[in-house]
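Data first, discussion second: the structure below is written as structure tokens.
The values are calculated or read from the model by the stated rules, or taken from the named source; none is laboratory data. Keep in mind it's a predicted model, so treat the numbers as computed, not measured. A quick note on method: Cβ atoms are made from the backbone with ideal geometry, for glycine too, and the neighbour counts reach across all protein chains shown.
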Amino acid sequence: MERSVKIIIVLVFICGILAGVVLTGLLTPHTIHPGKMIIVSKNAPEPVGPYSQAVRYGNFVHLSGQIGIDPKTGNLPGTTAEQTRQAMENLHSVLNESGLGFDDVIQTRIYLVNMSDWTTVNAIYGSYFNASYPARSTVQVAGLPKGAAVEIEMIAQER
């Protein structure tokens with residue numbers, strides 16, 4: 001009987017240690033994404049939904065799509081050209097807050113409600129870059145937030 005009691009005591013002791021390890025792991029706070037950093041620029045409009053203006057992860061910065069909302073007034077300009085210019089300025093503000101610029105942009109996506117605006121948007125967009133253009137896609141969409149005509153998103157990489 002004495003031997004079986006010793007075995008039971010050892011098993012209870014081992015179970016106690018295992019339970020302690022498991023509970024310690026559950027009670028210790030963990031960072032879900034230790035390298036993820038939210039970027040907020042006061043010079044760009046606040047998000048119109050549950051998203052961040054940009055997220056830095058490693059040496060990449062993912063900028064959410066910007067429409068041409070004027071951050072000072074909260075208004076959307078009337079023409080596609082004005083909206084494109086303001087969207088690019090909003091992106092510029094977020095890039096600056098990240099410590100980056102348009103030369104660091106490696107990919108963009110442009111969403112247009114009307115593909116006939118492509119030439120106008122393309123000219124304004126192109127004026128913000130030097131000879132080193134990022135990869136890009138342009139897609140026609142059925143609609144954009146706030147009735148915008150254009151939305152532009154970017155991915156930049158820290159050098």
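Give 126, 147 a once-over and let me know the one that is assigned by TED's automatic domain parsing to the domain that holds residue 90, within 22 Å of residue 71 (Cβ to Cβ) and out of contact with any Gly (no Cβ under 8 Å at 6 or more places or on another chain). Before the answer, list the steps.
Details: 126 fails: within 22 Å of residue 71 (Cβ to Cβ).
After ruling out the rest, the residue left standing is 147.
Each residue in the range 61-102 was checked for being surrounded by 15 or more Cβ atoms within 10 Å (Cβ to Cβ) and farther than 12 Å from residue 150 by Cα, and 17 of them qualify.
Out of curiosity, is residue 95 in the same structural domain as residue 48 (by TED's automatic domain parsing), within 21 Å of residue 46 (Cα to Cα) and over 20 Å from the mean Cα position of the chain (by Cα)? Can you show your working first?
Working: in the same structural domain as residue 48 (by TED's automatic domain parsing): yes; within 21 Å of residue 46 (Cα to Cα): yes; over 20 Å from the mean Cα position of the chain (by Cα): no.
No: the conditions fail for residue 95.
Exactly one residue out of 13, 102 is of a type in the set (Phe, Trp, Tyr) and at pLDDT below 95: that is 13.
Let's see how each residue does on (1) assigned to a strand (DSSP E or B); (2) among the aliphatic types (A, V, I, L, M); (3) more than 24 Å from residue 36 (Cα to Cα):
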{"residue": "52", "(1), (2), (3)": "no, no, no"}
{"residue": "56", "(1), (2), (3)": "yes, no, no"}
{"residue": "61", "(1), (2), (3)": "yes, yes, no"}
{"residue": "71", "(1), (2), (3)": "no, no, yes"}
{"residue": "96", "(1), (2), (3)": "no, no, no"}
{"residue": "111", "(1), (2), (3)": "yes, no, yes"}
{"residue": "116", "(1), (2), (3)": "no, no, yes"}
{"residue": "119", "(1), (2), (3)": "no, no, yes"}
{"residue": "136", "(1), (2), (3)": "yes, no, yes"}
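Is the range 106-114 home to any residue that is over 18 Å from the mean Cα position of the chain (by Cα), surrounded by fewer than 18 Cβ atoms within 10 Å (Cβ to Cβ) and assigned by TED's automatic domain parsing to the domain that holds residue 74? If you could, list the steps in order and put the result at the bottom.
At the first step, the residues of the range 106-114 found to be over 18 Å from the mean Cα position of the chain (by Cα) are 112-114.
Next, only the ones that are surrounded by fewer than 18 Cβ atoms within 10 Å (Cβ to Cβ) stay: 113-114.
Right, trim to assigned by TED's automatic domain parsing to the domain that holds residue 74 and you get 113-114.
The answer is yes; a qualifying residue exists.
Filter the range 115-132 down to the residues that are surrounded by 13 or more Cβ atoms within 10 Å (Cβ to Cβ) and either of a type outside the set (A, V, I, L, M, F, W, C) or more than 18 Å from residue 92 (Cβ to Cβ) (or both) and list them by number. Walk me through it before giving the result.
Step one: of the range 115-132, the residues surrounded by 13 or more Cβ atoms within 10 Å (Cβ to Cβ) are 117-118, 120-122, 124-125, 128-129.
Within the range 115-132, 117, 118, 120, 122, 125, 128 meet the criteria.
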